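The values are calculated or read from the model by the stated rules, or taken from the named source; none is laboratory data. The structure presented is a predicted model; accordingly, all values stated were derived computationally and were not measured. Cβ placement follows ideal geometry from the backbone for every residue including glycine, while neighbour counts extend to all protein chains displayed.
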Amino acid sequence: MTLPRIAVDAMGGDEGVRVMVDGAALARRRHDRFKFLLVGDEARIKAALDDHPNLRSASEVLHAEDRINGDEKPSQALRRAKTTSMGLAVEAVKSGAAGAAVSGGNTGALMAIAKIALRTMPGIDRPALAALLPTLGDNDLVMLDLGANTECDARNLVEFAVMGAAYSRVVTGRAEPRVRLLNIGTEEIKGTDSLQQAAAVLRQAEGKLAMSFDGYAEADILGSGQFDVVVSDGFSGNIALKAVEGTAKFVADLLKRSFRSSLRSKFGFLISRPATDLLRHHLDPNNHNGAVFLGLNGIVVKSHGSASAAGVANAVAVAARLLEEDVTERIKADLAAIDMDGLRRTPASAASA
């Protein structure tokens, strides 16, 4: 199957053009059907392509004279979008020159540019940022929203649940993903009015959607593998994600310090190295790289700014998988099956985290 081209913001990552091009080349070696539109400084991209003839033959370079800075406000980024690598990569999706865009740049700026250029799908008030988290189960956990919308009403949460379930079906292959709402307890009386209203709508939709609503989840079981999708507002989701990432780093650093504490510990490390290597691989964010803005009329994938070439390749693979599976049509079909009459709408003015 020949896929539409994937536009890569070659100037978006913290590590520069070289790593973004190396990542695209690695993705191309893994999947030779991938074709690319590399957006950024033409001279630097072509210099990086000299090391990757396999990528050069499958790519077109689109020159961009500027890039979005990491600390740039979304409003400023919007004004400069048409001259930046990020803006031109997203514009390529809008025009049909590419089927998806991948960027490691400023998250807030990418969200603003993508939302203005691509608009939200019919039936979706706001897009959400979704990512995959490792679990003890057979599949990764789809978590959303991770910061695109700091305040959400019940309608938004229901929309996020539908989008998250559609994405989970793509990445896990599970016909009916198990969906939960992030809450401070599992009892039905717990949580805000918005959470309780969203839960009621999802319970009523049971049997109409390709998902199983399993109620509420507390943050301490996000990695348990007991469910496939967890939904929250962007404020709570971003905090939970950072706590998970921070805990993983803490455990890794603690193990490293412990193994260096004595000669006996160093010997123990040598014996346990296969297990620690497996743990490191499981927790490495590069192996789970590629957050997705769900709910837009187009595919936009956010790579970690500090991602390695392997991480960039994984983000590209996420974009390709979404193109192959046509997740947009899955979301539209599920939205049509839900009755959200009575759920109020709130203005789409929540700030990006």
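Brief remarks follow.
- Residue that is surrounded by the fewest Cβ atoms within 10 Å (Cβ to Cβ), among those in segment 218-229 that are touching a residue at least 40 places away in the same chain (Cβ under 8 Å) and not charged (D, E, K, R): Ser224
- Residue selection: Val244 fails the criterion of being of a type outside the set (Asp, Glu), buried (at least 16 other Cβ atoms within 10 Å of the Cβ) and modelled with pLDDT of 90 or more.
Okay, residues lined up against (1) surrounded by fewer than 16 Cβ atoms within 10 Å (Cβ to Cβ); (2) modelled with pLDDT under 90; (3) not assigned by TED's automatic domain parsing to the domain that holds Lys35:
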{"residue": "Val312", "(1), (2), (3)": "no, no, yes"}
{"residue": "Ala317", "(1), (2), (3)": "no, no, yes"}
{"residue": "Ile331", "(1), (2), (3)": "no, yes, yes"}
{"residue": "Asp334", "(1), (2), (3)": "no, yes, yes"}
{"residue": "Ala337", "(1), (2), (3)": "yes, yes, yes"}
{"residue": "Asp341", "(1), (2), (3)": "yes, yes, yes"}
{"residue": "Arg344", "(1), (2), (3)": "yes, yes, yes"}
{"residue": "Ser349", "(1), (2), (3)": "yes, yes, yes"}
{"residue": "Ala353", "(1), (2), (3)": "no, yes, yes"}
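- Under the condition of being in a loop (DSSP other than H, G, I, E, B) and either touching a residue at least 40 places away in the same chain (Cβ under 8 Å) or surrounded by fewer than 23 Cβ atoms within 10 Å (Cβ to Cβ) (or both), the residues counted in segment 286-310 number 10.
- Scanning segment 7-19 for residues that are in contact (Cβ under 8 Å) with a residue 40 or more places away in the chain and under 16 Å from Asn69 (Cβ atoms), we see that the one that is surrounded by the fewest Cβ atoms within 10 Å (Cβ to Cβ) is Asp14.
Residues checked against (1) in a loop (DSSP other than H, G, I, E, B); (2) among the acidic types (Asp, Glu); (3) buried (at least 17 other Cβ atoms within 10 Å of the Cβ):
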| residue | (1), (2), (3) |
| --- | --- |
| Ala48 | no, no, yes |
| Asp51 | yes, yes, no |
| Val61 | no, no, yes |
| Gly70 | yes, no, no |
| Ala77 | no, no, yes |
| Lys82 | no, no, no |
| Gly87 | no, no, yes |
| Val90 | no, no, yes |
| Val93 | no, no, yes |
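- Any hit, segment 230-239, residues being without any contact (Cβ under 8 Å) to a residue 12 or more places away in the chain, among the hydrophobic types (A, V, I, L, M, F, W, C) and either on the phi > 0 side of the Ramachandran plot or assigned to a helix (DSSP H, G or I) (or both): yes
- Of all residues making up segment 27-46, the number that are crowded, with 22+ Cβ neighbours inside 10 Å and part of a helix (DSSP H, G or I): 3
- The criterion of at least 1 residues that are under 18 Å from the mean Cα position of the chain (by Cα), surrounded by fewer than 21 Cβ atoms within 10 Å (Cβ to Cβ) and without any contact (Cβ under 8 Å) to a residue 12 or more places away in the chain is met by none of the helices (runs of 4 or more DSSP H) falling completely within segment 96-212.
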